[in-house]
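The values are calculated or read from the model by the stated rules, or taken from the named source; none is laboratory data. Note that the coordinates shown come from a computational prediction; the quantities given were computed from them, not determined experimentally. Positions of Cβ are generated from backbone atoms using ideal geometry, with glycine treated the same way; all protein chains shown enter the neighbour counts.
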Amino acid sequence: MRKYDVYGTKQKQEAALSAWAKQNNKAEYAGLSNDFSHAYDAWMPFEKGRVYYEEGLAGSGPRYASGPLLYRFAGRLERIERMLVRTGESQASLRRDLEALTKDRTTLLTTLNRLSEQAMMAQVLKAYYTDIPADQQPTQLYANIKRSFGDLKDDATYKAYIGSVFANTMILDDAKWNAFVANPDGSVLQNDPAYALNKAFRENWMRVKPQYDMFNTRLAELSHLYLKGSLEMNKGKALYPDANSSMRTSYGKVASYRPRDGVRYDYVTTASGILDKYKPGDPEFDLPASQVEMLRKKDFGPYSDAQRGDLVVCYITTDDITGGNSGSPVLNANGELIGLAFDGNYEALSHKINFDKDMCRTICVDIRYVLWCVDKLGGAQNIIKELKIVK
């Protein structure tokens, strides 16, 4: 971002649009920069609270399926509460939901790391109290924590509170859970500490969410106008396309690159590099014994690269890539599948805002390595026989 002065570039683009709009009497575009500023100014006092809530607890923001597992599971009980307090609700629906939750609860109990989750939730709650304005907090929850567990500035208070939640919630207690499933009761659910914690923050967020929705609606309107104005101002010029949520095709070539003085990255990596990184017992770099043996013996079958005398694993291209493209097919000029795109290089981190044609690279797994894994490592020759393999 700093290297390419992205901020300065964007400012110049906005200034150019404003100047063009004034010169050409395009009133709808002339005040866009101020309109954007007003929209952001109105929302920004609430943004930190949104980030803390969505990323720290709910795990519901873009790509954030990452909130504490117990907190997120407790949130799924909101539907159960609605069923219990609403008259005329189908008992069959309630039973189906409870059966599904019971099944998922078994998974929760096997995957939950209690020590780390308790530590994480305690820190998030303290940070929320410390960093978020008081009028944006679930104040009754914090008042209850203070009354029962101590000073809200003290780490020990939150550790004690979260410890109590874990110790007393029916979600983590087989006897309590089974009793609730056998005889669902709204008051029992509402008094469950994990559910009460989730509900307090969820209802607190719902007080703010209408403003967030208004902000996003306004942002969409202004962004539409900004793009419309940019297209008018740059009529006839080639602009980088906005293909979000649609199919896209990128064209490029296989190519090495030099990110800085004295450094050159080759356009391929090979099986030798896999062995270089191999660390027995390491969760990231361990390998099946059969794979290590075959790689050391150079048992590459027909998939070896003749030029290198090795098995090519990955290669880089000058194509563009963004979130959601992972697994996309990479085709050669003949329309033949030569790999799968799955990542970008370090120097391309700013590409969503500023694409650098010289430094941005897409990292692809070579189709020969895929075939080797299917054929030699996996022993699935039946799949290989179904394919038309071009050599």
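Would you be able to say whether some residue in the range 235-245 is touching a helix residue (DSSP H, G or I) at 6+ places or on another chain (Cβ under 8 Å) and either farther than 30 Å from Ile363 by Cα or in the same structural domain as Arg50 (by TED's automatic domain parsing) (or both)? Reasoning before the result, please.
Applying the first criterion (touching a helix residue (DSSP H, G or I) at 6+ places or on another chain (Cβ under 8 Å)) to the range 235-245 yields 239, 242.
Filter once more, so that each one left must be either farther than 30 Å from Ile363 by Cα or in the same structural domain as Arg50 (by TED's automatic domain parsing) (or both): none.
No, the range 235-245 contains no residue that is touching a helix residue (DSSP H, G or I) at 6+ places or on another chain (Cβ under 8 Å) and either farther than 30 Å from Ile363 by Cα or in the same structural domain as Arg50 (by TED's automatic domain parsing) (or both).
Out of (1) farther than 24 Å from Gln211 by Cα; (2) outside the structural domain of Pro184 (by TED's automatic domain parsing), the odd one out for Asp35 is which?
That leaves (1) as the condition not met.
Of all residues being buried (at least 16 other Cβ atoms within 10 Å of the Cβ) and part of a helix (DSSP H, G or I) in the range 164-180, which is farthest from the chain's Cα centre (by Cα)? Just the residue, please. Quick ask: steps written out before the conclusion?
Just the residues of the range 164-180 that are buried (at least 16 other Cβ atoms within 10 Å of the Cβ), to begin with: 165-166, 169-172, 177, 180.
In the following step, the residues that additionally are part of a helix (DSSP H, G or I) were identified as 165-166, 170-172, 177, 180.
Numbers: Val165: 28, Phe166: 27, Met170: 30, Ile171: 27, Leu172: 27, Trp177: 32, Phe180: 34 Å.
Out of the qualifying residues, it is Phe180.
Would you please name the residue that is modelled with the highest pLDDT, looking only at residues in the range 227-238 that are at negative phi and surrounded by fewer than 10 Cβ atoms within 10 Å (Cβ to Cβ)?
So the first thing to find is which residues in the range 227-238 are at negative phi, and the list is 227-235, 237-238.
When the remaining residues are screened for being surrounded by fewer than 10 Cβ atoms within 10 Å (Cβ to Cβ), the result is 235, 237-238.
Values: Lys235: 93, Lys237: 90, Ala238: 83.
Residue satisfying both the conditions and the ranking: Lys235.
Identify, by number, the condition in (1) farther than 14 Å from Cys364 by Cβ; (2) surrounded by 14 or more Cβ atoms within 10 Å (Cβ to Cβ); (3) among the aromatic types (Phe, Trp, Tyr) that Tyr346 doesn't meet.
Status for Tyr346: all satisfied but (2).
If you go through the range 208-222 one residue at a time, do you hit one that is closer than 30 Å to Ala122 by Cβ, among the hydroxyl-bearing types (Ser, Thr, Tyr) and surrounded by 12 or more Cβ atoms within 10 Å (Cβ to Cβ)?
Yes, because at least one residue in the range 208-222 is closer than 30 Å to Ala122 by Cβ, among the hydroxyl-bearing types (Ser, Thr, Tyr) and surrounded by 12 or more Cβ atoms within 10 Å (Cβ to Cβ).
Could you tell me which numbered condition Ala333 fails, if it satisfies all but one of (1) within 17 Å of Leu377 (Cα to Cα); (2) without any contact (Cβ under 8 Å) to a residue 60 or more places away in the chain?
Condition not satisfied by Ala333: (1).
Could you give every pair whose Cβ atoms fall below 9 Å, whose first residue belongs to the range 150-167 and is in contact (Cβ under 8 Å) with a residue 24 or more places away in the chain, and whose second residue is assigned to a loop (DSSP other than H, G, I, E, B) and among the aliphatic types (A, V, I, L, M), counting only separations of at least 6 or pairs across chains?
If the second residue must be assigned to a loop (DSSP other than H, G, I, E, B) and among the aliphatic types (A, V, I, L, M), the pairs left are Tyr158/Leu152.
Confirm whether Gln291 is free of Cβ contacts under 8 Å to residues at least 12 places away in the same chain, among the polar types (S, T, N, Q) and assigned by TED's automatic domain parsing to the domain that holds Glu347.
Values: free of Cβ contacts under 8 Å to residues at least 12 places away in the same chain: no; among the polar types (S, T, N, Q): yes; assigned by TED's automatic domain parsing to the domain that holds Glu347: yes.
It is false that Gln291 is free of Cβ contacts under 8 Å to residues at least 12 places away in the same chain, among the polar types (S, T, N, Q) and assigned by TED's automatic domain parsing to the domain that holds Glu347.
Just one of the numbered conditions (1) in contact with a strand residue (DSSP E or B) (Cβ under 7 Å, 6 or more places away or on another chain); (2) part of a loop (DSSP other than H, G, I, E, B) is not true of Thr269; which one?
(2)
Name the pairs whose Cβ atoms lie under 8 Å apart, with the first residue in the range 338-362 and in contact (Cβ under 8 Å) with a residue 60 or more places away in the chain and in a loop (DSSP other than H, G, I, E, B), the second small (Gly, Ala, Ser) and surrounded by fewer than 17 Cβ atoms within 10 Å (Cβ to Cβ), and 6 or more positions between them or separate chains?
Close Cβ pairs satisfying both conditions: Asp356/Ser350; Arg361/Ala255.
Suppose the filter is at pLDDT below 95, in the same structural domain as Ala58 (by TED's automatic domain parsing) and not basic (Lys, Arg); does Thr111 pass it? It would help to see each step written out before you state the result.
Working: at pLDDT below 95: yes; in the same structural domain as Ala58 (by TED's automatic domain parsing): yes; not basic (Lys, Arg): yes.
Against the criterion (at pLDDT below 95, in the same structural domain as Ala58 (by TED's automatic domain parsing) and not basic (Lys, Arg)), Thr111 qualifies.
So in the range 269-290, with the set limited to residues that are surrounded by fewer than 18 Cβ atoms within 10 Å (Cβ to Cβ) and of a type in the set (S, T, N, Q), which one is farthest from the chain's Cα centre (by Cα)?
Only one residue fits best here, namely Ser290.
Does Tyr265 satisfy being in contact (Cβ under 8 Å) with a residue 40 or more places away in the chain and within 27 Å of Val370 (Cα to Cα)? I'd like the intermediate steps shown before the answer.
Numbers: in contact (Cβ under 8 Å) with a residue 40 or more places away in the chain: yes; within 27 Å of Val370 (Cα to Cα): yes.
In short, yes.
Kindly provide the set of residues from the range 140-162 that are among the small types (Gly, Ala, Ser), outside any loop (DSSP other than H, G, I, E, B) and in contact with a helix residue (DSSP H, G or I) (Cβ under 6 Å, 6 or more places away or on another chain), ordered by number. Step through it out loud before you land on a result.
In the first step, residues of the range 140-162 are kept if they are among the small types (Gly, Ala, Ser); the result is 143, 148, 150, 156, 160.
Now restrict to residues that are outside any loop (DSSP other than H, G, I, E, B): 143, 148, 156, 160.
Within the range 140-162, Ala160 is the sole residue that qualifies.
Report whether or not Glu203 is charged (D, E, K, R), in contact (Cβ under 8 Å) with a residue 24 or more places away in the chain and more than 30 Å from Thr139 (Cα to Cα).
On the way: charged (D, E, K, R): yes; in contact (Cβ under 8 Å) with a residue 24 or more places away in the chain: yes; more than 30 Å from Thr139 (Cα to Cα): no.
No.
Being touching a strand residue (DSSP E or B) at 6+ places or on another chain (Cβ under 6 Å) and either under 30 Å from Lys298 (Cβ atoms) or not in a loop (DSSP other than H, G, I, E, B) (or both) is the filter here; which residues of the range 226-255 pass it? I'd like the intermediate steps shown before the answer.
Filtering the range 226-255 down to residues touching a strand residue (DSSP E or B) at 6+ places or on another chain (Cβ under 6 Å) leaves 252, 254.
Answer for the range 226-255, where residues must be touching a strand residue (DSSP E or B) at 6+ places or on another chain (Cβ under 6 Å) and either under 30 Å from Lys298 (Cβ atoms) or not in a loop (DSSP other than H, G, I, E, B) (or both): just Val254.
Just checking, which of Ile384, Ile367 is farther than 30 Å from Arg2 by Cα, crowded, with 17+ Cβ neighbours inside 10 Å and of a type in the set (Val, Ile, Thr)?
Of Ile384, Ile367, the one residue that is farther than 30 Å from Arg2 by Cα, crowded, with 17+ Cβ neighbours inside 10 Å and of a type in the set (Val, Ile, Thr) is Ile367.
Residue-by-condition table, conditions (1) of a type in the set (D, E, K, R); (2) farther than 20 Å from Ile367 by Cα:
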site: Ser290; (1), (2): no, yes
site: Glu293; (1), (2): yes, yes
site: Arg296; (1), (2): yes, yes
site: Gly301; (1), (2): no, no
